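*Asks:* Mind having a look at this structure? Questions to follow.
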Amino acid sequence: MKETLIEREHEVMFQNYRRLPIEIDRAIGTEIFDKSGKRYLDFLSGIAVNALGHSHPRIIKAIQLQAEQYLHVSNFFYQEPQIRLSEMIKKKSGMDRVYYSNSGAESFEGAIKLARLWGNEHGKHHMIAFEGGFHGRTYGPLSLMNKPLYKDGMGPFLPNMSVIPFNDIDALRKAVNDDTCAVALEFLQGEGGIMHADPAFVTELMNLKDQYNFLIIADEVQSGVGRTGSLFFFDKYLIKPDIIVMAKGIGGGLPLGAIVTTNDLAKLVDKGRHGTTYGGNSLACAAGIVVMEELYSGVMANAREMGCYLKETLHAIMEEFPDYVKEIRGCGCMQGVVLTFESAILVEELLKNGIIANSTAVKVLRVLPPLTISKKDVDEFASGLRQSLQTLIEMGVSKG
Ligand SMILES: Cc1ncc(COP(=O)(O)O)c(C=O)c1O
């Protein structure tokens, strides 16, 4: 019998994840503790899931109360948590209707199906997404992504899909025509290295939409639910997409995804056309209600305020290490530190200093703290980052 979790995992599980070498004992607020009692400051939040931090007392309470009432009954029944959460999302998003799934990929997949239904009615059959975008690992999302690591050897993918350069107005103009059914994008790319859509690019996208009449699918799985200080990142462009894809933060730590759209689009999905057994699970929706209540009771304001402080702090670090930190990108509690070297080694070094963050797009350190962080948390993160950069520099990491 193997002893450690790491040894046991190696024996029995697919080896598809690059796990950090931490055997989790418990997590609370912004902290994770391993089985040896070591404490880590968590600036990853379960990959942007734990918007309110770990084990938020109100979320635990809501789950407990709901669990005492019922766990799962299926979508054959009318359920208060689903309906209440939908009312809140409807009110705050200005959209009309909500459909629940269990994950980001599944929500994006459903958004593609919805766009296809609309496209088939309007004689439009082509969809467009952007390089650097990440939409999930099922075939629909993968067909609108260009990442070889996720796709090689897994084809064929869905037809009538193009992935074009992000923020490239000429490429967009060339790709869009009367056959365009939908354009899908993360207005703030997460996996792609915390890259936002240029305002001029978004303006052109909206002009082309007016000209050719296609749908815009906003993937807010990572950037949504208050992470950037507003409910959705696209709010900053003062535009309204046709379909919003949500997941991660909305379940407060439980699996929950959502498609949010207009009455006109939602009515294309008539009875039985789309669905899922678990989507809108009572526990996940009960947690989601707390997330929404907390967002509008100070948490989103905190994400804005602490996000600014985090950004200022990261800029100060960039000035201290100009040969190693090239750029700070992002918004609110979704920041990217662009390095001159591969971020994976910085992630390892941070871990030694008790800090959890993540590497993306090869040279970007992705920083996704809970939206509830304090100044003290940011200062602790900054001190760990300075120390880790210093150590790597002494070890001879490459300059820009
Ligand atoms: C923007 C975006 N869309 C979709 C997904 C897929 O979500 P999930 O992993 O829940 O399927 C992710 C996951 O990281 C994401 O960041």
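*Asks:* Within segment 46-87, count every residue that is touching a Pro at 6+ places or on another chain (Cβ under 7 Å), among the small types (Gly, Ala, Ser) and under 23 Å from Val98 (Cβ atoms). Talk me through it step by step, then tell me what you get.
*Replies:* First, pick out the residues of segment 46-87 that are touching a Pro at 6+ places or on another chain (Cβ under 7 Å): 50-53, 66.
If we keep only those that are among the small types (Gly, Ala, Ser) as well, we get 51, 53.
Restricting the remaining residues to those that are under 23 Å from Val98 (Cβ atoms) gives 51.
Adding up the residues that qualify gives 1.
*Asks:* Then there is this: Would you kindly identify the strands (runs of 3 or more DSSP E) lying entirely within segment 208-261 that contain at least 1 residues that are without any contact (Cβ under 8 Å) to a residue 40 or more places away in the chain?
*Replies:* 215-219
*Asks:* Please find, among Ala62, Ala67, the residue that is surrounded by 15 or more Cβ atoms within 10 Å (Cβ to Cβ) and out of contact with any Asp or Glu (no Cβ under 7 Å at 6 or more places or on another chain).
*Replies:* On the way: Ala67 fails: surrounded by 15 or more Cβ atoms within 10 Å (Cβ to Cβ).
So the residue among Ala62, Ala67 that is surrounded by 15 or more Cβ atoms within 10 Å (Cβ to Cβ) and out of contact with any Asp or Glu (no Cβ under 7 Å at 6 or more places or on another chain) is Ala62.
*Asks:* For residues in segment 76-116 being under 21 Å from Ser162 (Cβ atoms) and aliphatic (A, V, I, L, M), which is nearest to the ligand (Cβ to nearest atom)?
*Replies:* Filtering segment 76-116 for residues that are under 21 Å from Ser162 (Cβ atoms) and aliphatic (A, V, I, L, M), the one nearest to the ligand (Cβ to nearest atom) comes out as Ala105.
*Asks:* Next up: Quickly run through segment 7-22 and pick out the residues that are over 24 Å from the mean Cα position of the chain (by Cα) and open to solvent by less than 90 Å² (accessible area, probe 1.4 Å).
*Replies:* Scanning segment 7-22 gives Glu7, Glu9.
*Asks:* Just the residues that are without any contact (Cβ under 8 Å) to a residue 40 or more places away in the chain, part of a helix (DSSP H, G or I) and open to solvent by 10 Å² or more (accessible area, probe 1.4 Å), please, taken from segment 317-346.
*Replies:* Within segment 317-346, Met318, Glu319, Ala344 meet the criteria.
*Asks:* Scan segment 126-170 residue by residue and report those that are closer than 25 Å to Val364 by Cα, within 13 Å of the ligand (Cβ to nearest atom) and in a helix (DSSP H, G or I).
*Replies:* Once the filter is applied, which keeps residues that are closer than 25 Å to Val364 by Cα, within 13 Å of the ligand (Cβ to nearest atom) and in a helix (DSSP H, G or I), segment 126-170 yields Pro141, Leu142, Tyr150.
*Asks:* Okay, moving on. In segment 347-382, which residues are open to solvent by less than 40 Å² (accessible area, probe 1.4 Å) and over 25 Å from Gly252 (Cα atoms)?
*Replies:* Glu349, Leu350, Val364, Ala382
*Asks:* What pairs can you find where one residue is in segment 84-105 and β-branched (Val, Ile, Thr), the other is part of a helix (DSSP H, G or I), and their Cβ atoms are less than 6 Å apart, with a gap of 6+ or different chains?
*Replies:* The qualifying pairs are Val98/Ser86; Val98/Ile89.
*Asks:* Continuing with the same structure: Considering segment 44-58 alone, what residues qualify as being part of a loop (DSSP other than H, G, I, E, B) and within 16 Å of the ligand (Cβ to nearest atom)?
*Replies:* Leu44, Val49, Asn50, Ala51
The values are calculated or read from the model by the stated rules, or taken from the named source; none is laboratory data. Since we're looking at a predicted model, the values are computed, not measured. Here Cβ is always computed from backbone atoms with ideal geometry, including for glycine, and neighbour counts include all displayed protein chains. Heavy atoms of the whole protein, side chains included, go into the accessibility calculation; ligands, DNA and RNA do not. Shrake-Rupley method; radii C 1.70, N 1.55, O 1.52, S 1.80 Å.
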